[in-house]
Every structure is written in C-alpha cells, then in structure tokens.
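Below is one structure, written out as structure tokens; comments come after it.
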Amino acid sequence: MLKFLIALLILTSSAQAHAEKILFIPHDDRPVSFRQPAEVVSMLGYEIISPNPELLTEPDLLWAWLNDNAASADAAVLSTDALLYGGLIPSRSHQIDADILNARVQNFKALRDNNPKLQIYAFGSLMRTPQFGTPGDREEPDYYGEHGVNIFQLTALLDKQETDTLKPWEKLQLESLQNMIPDEILDDYFARRLKNLSATVNLLDFAADGTIDYFIIGRDDNSELSQTHRENRQLLAYMEYIPKTKAQSLAGIDEYAMLLLTRAVNDLRGESPGVNVQFNRGRGKRTVPAYSDEQIGNSILDEILIAGAKFTDKPDRADFILMVNTDPKGNTYHFHNAFPPQGLTESQQKYFARNAEDFTAQIEDALNKNLPVGVADIVVANGSDNFLMAQLRDKNLLFKLQSYAGWNTATNSTGFALGAGILAKKMSRSAKNRLLATRYLDDWGFQANVRSQIAEELSRRPDGLQIYLDFGEYEAAVVERENQLMHAFADENLPLWKDFTVSNPWRRMFECDVNFE
C-alpha cells in the first residue's frame, strides 16, 4: 500500500519527547487543502501521515489505506468528502448509488471499533449553490454552465417560500424557472443533494454516539437564500440536541483541515488556548461576507470552538489575538479574480487607503504592547488587500505577526489565520517567518497581483479566458511568466525571500503552490 509521509524539519523552540502521529486525509490535493496545513503542524514536531494524493479520488482504496495506518496513530483528521465521494469536487457531480454511500458511511463504525483510543475528527460539506455557472467549469455538473443562474434563483425562491411569503411576482418567477429548467436536470440535481444530505445525517448520528469524536459540516460558496442554506436549516433542526462539542455546521470548508489539525494538537496537549478577536472599524463582526450566509463574527466564534480553543474578551490575557480586516460598510470586493481585471477609481483608492491606515494603526498598537497578533484579511475575496499589505510592509510589521491569511473566501482566511496563529506560539521565529512568507507570496503576491497581471495579458487574446481557466498546451509559458512576475514582486516587497518557485498543480490560475528551494 502506497504511503505518503509529510516530514519536515522540526523548527520549534520546545521539541517534544516523541513525535505523536496524526493521520490526515484532505478533501483534495490543492496546496491550501493539503500541504500547507500539514506544514504548519509539522513545524511543531508532529508526524503527519497522509496517503498518496492519487488515492484521494479512490474512496475504497483510501479506506484500505486508513485502516492499515489507523492503529499506529494518536489522532486522525479525515475528509468525509474524500472517503465517501472521492473529494470535494466529485461530491458535487458524482453518480454513486445510495447503498454504496451508506456502506462507506458505515466504515466509520468499523474504524472506531478497531481503534477505540483513536481521536477521530471529521469534516465534510453540504453541496454548494453557486450563483452562476461558467461554461467548461469542471467543479460543477456540465449543465451548470448553462442553467446555473436559473438553478440558483429557483432554490433561493424555494428557500424563501419556506421561511417567508413570496410576493406575487416571485411566485410567477418560481413557476417560470421550474418550466425553464429541464426536468431531467432538476431530477439529477436534487437527487444527488438528497443522497449527500442523507449521508451527512448518518455521520451526525455517529458524532452523537461517539463513533466520531468531532464532526464539522461546511457550507461552501453559499448565500442567505439558496439550496445550501435551505438544507442547513433542516440539519440545524436535526442537530438541536447534539452539542457543539460534538458537531457543528457553519459557513466555509477549505479552512477546516487547518482548524481540526489545530484541535488535534490542542487535545493531545490537553490545552485550550484563549483567543481574542478584534475587527476593523465600521460593521466589523456584523459583516456578512460574500460566499457566506452568516455574520463573520459568529463564524469566527465557531472556528475558535473547532480549533479546541476558547474566546476571551481580554486581549492582555489571550494566547492569541485574531485581528480581522473588514470593510467599514460590510462589503466584499472582487478585484483579484476578475477576467479581465478591474481597475480602481481614484475615490476607491482613497477609501481603501484610509481603511488600511486605520487598521494598521490598530495592529501596530497591539504589537507595541507585545501582544501575539495574527491577521485575517477579508476586505477583498480571493487575495490580500494591497493597501493594507503596503502599510504593513512600510512599517516593518509583516514579520512581527504570528500568522496571516488573505486567500479565497472570508472564512477560509479567518480559519487558517486562527489555526496557524494558535499553533505559532510554540514555534521559533524562523518557523513563523517561513509560514508567513508562504502566505505573503501566495495571498499577496500571486492572488492579489500576479494573477491579475497575467489575466490582463491573456485578455488580449481571443482564447485568453480558456487559458486562464485551464492552461492546456500553454502551461509552460504561463508558469514561466508567473515565476518572472513573482520574483519581481518578491524583490520589491519581500527581498529576503528569493529562493522559491511557483507552480499550479491544477493547471489553472485560481491557485498556486509556493515551493522554497
């Protein structure tokens, strides 16, 4: 049986007497899902044991690997999407029979029976409901490119119909959408969601009876009225008598690996760190970010619980302070993943610069008090706030932080910055700097700048959008250009970090992998 062992140099000031083992099965092999959270925990001296990435799409082989390795581990952080469907993306388009899914769910019972002392932490997802589809998008069923907008609007109206009163025009729109979308497409869409929801309910039963020690259900790419929100209402009613110490359902998904690995470490150590949370001016914790259906303040409180930590309102007594860069008006901006890129007006530049100055002053004040500060940067989706990062650079604050994240959705960033920041307390400064440099190169360099520049260059070609979404035969040329631009960015902003390369494991512009030489 193939085994993939992530083993990194131990860069920690307090080495453990022996390396405790944590099994880790992510929901896919993207760097932010797999290698990067494992790297954080490995820096503390834990042995992270993971399967060969090729097994992640083969549930039956993955279960065999897990059963072979479980006896030697102290804890396991497991993606139920990988173990049931073959990954997060396959969970959205599979054609797996309900009986097969149920048999795979029952494997958790055998895992517990055979390993009674193993701490089992699991995370899965409710199927997302994107607001639109992109033709050729491999993350949804083929028909979503054509019918995605109508499917989203239909489910939003069905959700509202169950919680409110539809206006006359909304009733007409609902009827029109039901007639507009072919029956076979709706049948396929809702049948798959029903199978997935049923499997999730069975996993909740295992969380309730202790088969699974802790189970997290994520709502990826979600909104306040949608099919995902609709299904979550049903789950919350079912979970009414299951304590949050056993199971939770909340917005997000990609950050749960980092949070549950943090929980595994805290549980192995018998610790529950105190976390204080502070926000930028304006709506702050009341912000409902894009791709979420709840206020970010509530999401973060749940993430603290997932990480095995506790909230404290006293910054001077906290083990870690998460400072969250929010927009004063509660907006989420979409500058960094647009094709072609969108420029900022002069008034917008002044607005963002003022917001960044205020938040930087808040961060600097906390650091001057020797408080352990991490930053979650969520003003802009899919990348850092360039105005904030310039301020932190110019004031020499970048490498005084414990953690930073500004990638993808808001909860992805808050969850990663939270987990990494909690664990950073036991790391050497050099280990923290290595992790920070990865985030700055990825979230700030690539996501917020280089990707936009390449998108601008590609937009001049008739086939530019297709290349942006899937490199195809142009992969070598795109990656070469990325590395040129990334090193120019590092020379200007991170001059001590030169020996690295970037690549794109999924052969598209949405994410990159930073590798230090």
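The values are calculated or read from the model by the stated rules, or taken from the named source; none is laboratory data. Since this is a predicted model, take the numbers as computed values, not measurements. Positions of Cβ are backbone-derived with ideal geometry, glycine not excepted, and every protein chain shown enters the neighbour counts. For the accessible areas, the whole protein counts, side chains as well, though only heavy atoms, and no ligand, DNA or RNA atoms are used. Shrake-Rupley method; radii C 1.70, N 1.55, O 1.52, S 1.80 Å.
Taking the Cα-to-Cβ direction at ASP209 and at GLN234 and moving 7 Å from each Cα, how far apart do the two end points lie in nm?
2.2
In whole Hz and in residue order, list the ³J(HN,Hα) couplings for segment 216-223 that follow from phi through the Karplus curve 6.51 cos²θ - 1.76 cosθ + 1.60, θ = phi - 60°; x for Gly and Pro.
10, 10, x, 10, 8, 6, 10, 8
Leaving ligands, DNA and RNA out of it, work out the accessible area of ASP74 with a 1.4 Å probe and give it in Å² to the nearest 10.
60
Which entries in the list LYS314/LYS400; LYS310/LYS400; LYS21/LYS310 go over 27 Å, if you measure between the two C-alpha atoms of each?
With Cα atoms farther than 27 Å apart: none of LYS314/LYS400; LYS310/LYS400; LYS21/LYS310.
Report Rg (one decimal) and Dmax (nearest whole number) for segment 374-517, counting Cα atoms only, units Å.
Spelled out, the Cα radius of gyration and Dmax of segment 374-517 are 15.3, 51 Å.
Just to verify a number: what accessible area does LYS395 come out at with the full protein assembly present, 1.4 Å probe, Å² rounded to tens?
Probe radius 1.4 Å; accessible area of LYS395 about 90 Å².
Grab the beta carbon distance between ASN67 and ARG481, set R0 = 51 Å, and tell me the FRET efficiency rounded to 0.05.
E(calc), rounded to 0.05, equals 0.70.
Could you work out the equivalent-ellipsoid semi-axes for segment 316-388, taking the square root of 5 times each eigenvalue of the Cα gyration tensor, largest first, in whole Å?
Taking √(5λ) for each Cα gyration eigenvalue gives 27, 13, 9 Å.
Quick one: what are the phi-derived ³J(HN,Hα) couplings along segment 47-58, Karplus 6.51/-1.76/1.60 with θ = phi - 60°, whole Hz, x for glycine and proline?
8, 9, 10, 10, x, 3, x, 5, 6, 4, 9, 10
Let me check something: with ligands and nucleic acids excluded, how do PHE387, PHE489, PHE24 order by accessible area (1.4 Å probe), largest to smallest?
PHE387, PHE489, PHE24
Report the accessible area of LEU465, computed with a 1.4 Å probe over the heavy atoms of all protein chains in place, in Å² rounded to the nearest 10.
80
Once the other residues with Cβ under 13 Å from the Cβ of ASP205 are scored (Lys, Arg +1; Asp, Glu -1), what is the net sum?
+2
For every helix of n ≥ 4 consecutive DSSP H residues, a contribution of -39,500 (n - 2.57) applies; sum these over the chain, divide by its total residues, and give [θ] at 222 nm rounded to the nearest 500 deg cm²/dmol.
Dividing the helical sum by the residues of the chain leaves -14000 deg cm²/dmol.
Checking the table LYS285/LYS329; LYS244/LYS329; LYS160/LYS246; LYS432/LYS498 against a 19 Å threshold on Cα-Cα, which pairs fail?
Flagged as over cut-off: LYS244/LYS329; LYS160/LYS246.
So who's got an amide H within less than 5 Å of the one on ILE49, skipping anything under 5 residues away but keeping other chains? H placed 1.01 Å off N, in plane.
So ILE49 has HN proximity to ILE22, LEU23, PHE24.
Note down the net charge around LYS395, summing +1 for each Lys or Arg and -1 for each Asp or Glu among other residues with Cβ under 12 Å from its Cβ.
Around LYS395, the surrounding residues sum to -2.
Please name whichever of ILE304, LEU157, PHE471 sits farthest to the positive end of the charge dipole of the chain, dipole taken about the Cα centre and charges placed at Cβ: Lys and Arg +1, Asp and Glu -1.
Among ILE304, LEU157, PHE471, the one farthest towards the positive end of the dipole of the chain is ILE304.
Just to be sure I understand the curve: with the Debye formula and one point per C-alpha of the chain, what is log10 I(q)/I(0) at q = 0.06, 0.07, 0.10 Å⁻¹?
With no solvent term, the Cα-only Debye profile gives -0.27, -0.37, -0.79.
Please list GLU492, GLU58, GLU139, GLU255 in order of solvent-accessible area, largest first, computed with a 1.4 Å probe with all protein chains present.
Output order, biggest surface exposure first: GLU492, GLU58, GLU139, GLU255.
Taking the dipole about the Cα centre of segment 264-312, with the C-beta of Lys and Arg at +1 and of Asp and Glu at -1, give me whichever of PRO289, GLN278, ALA264 is farthest to the positive side.
GLN278
Please report the net charge: other residues with Cβ closer than 10 Å to the Cβ of ILE253, K and R +1, D and E -1.
-3
Quick one: ranking VAL105, VAL201 by accessible area, 1.4 Å probe, largest first, what do you get?
Final ranking, largest accessible area leading: VAL201, VAL105.
Once you keep just the Cα pairs under 8 angstrom separated by 6 or more residues, what percentage relative contact order results for segment 235-347?
Rounded, it is 32 percent for segment 235-347.
Restricting to Cα pairs below 8 Å that are 6+ residues apart, what does the relative contact order work out to for the chain? Please round to a whole percent.
So the answer I get is 12 percent.
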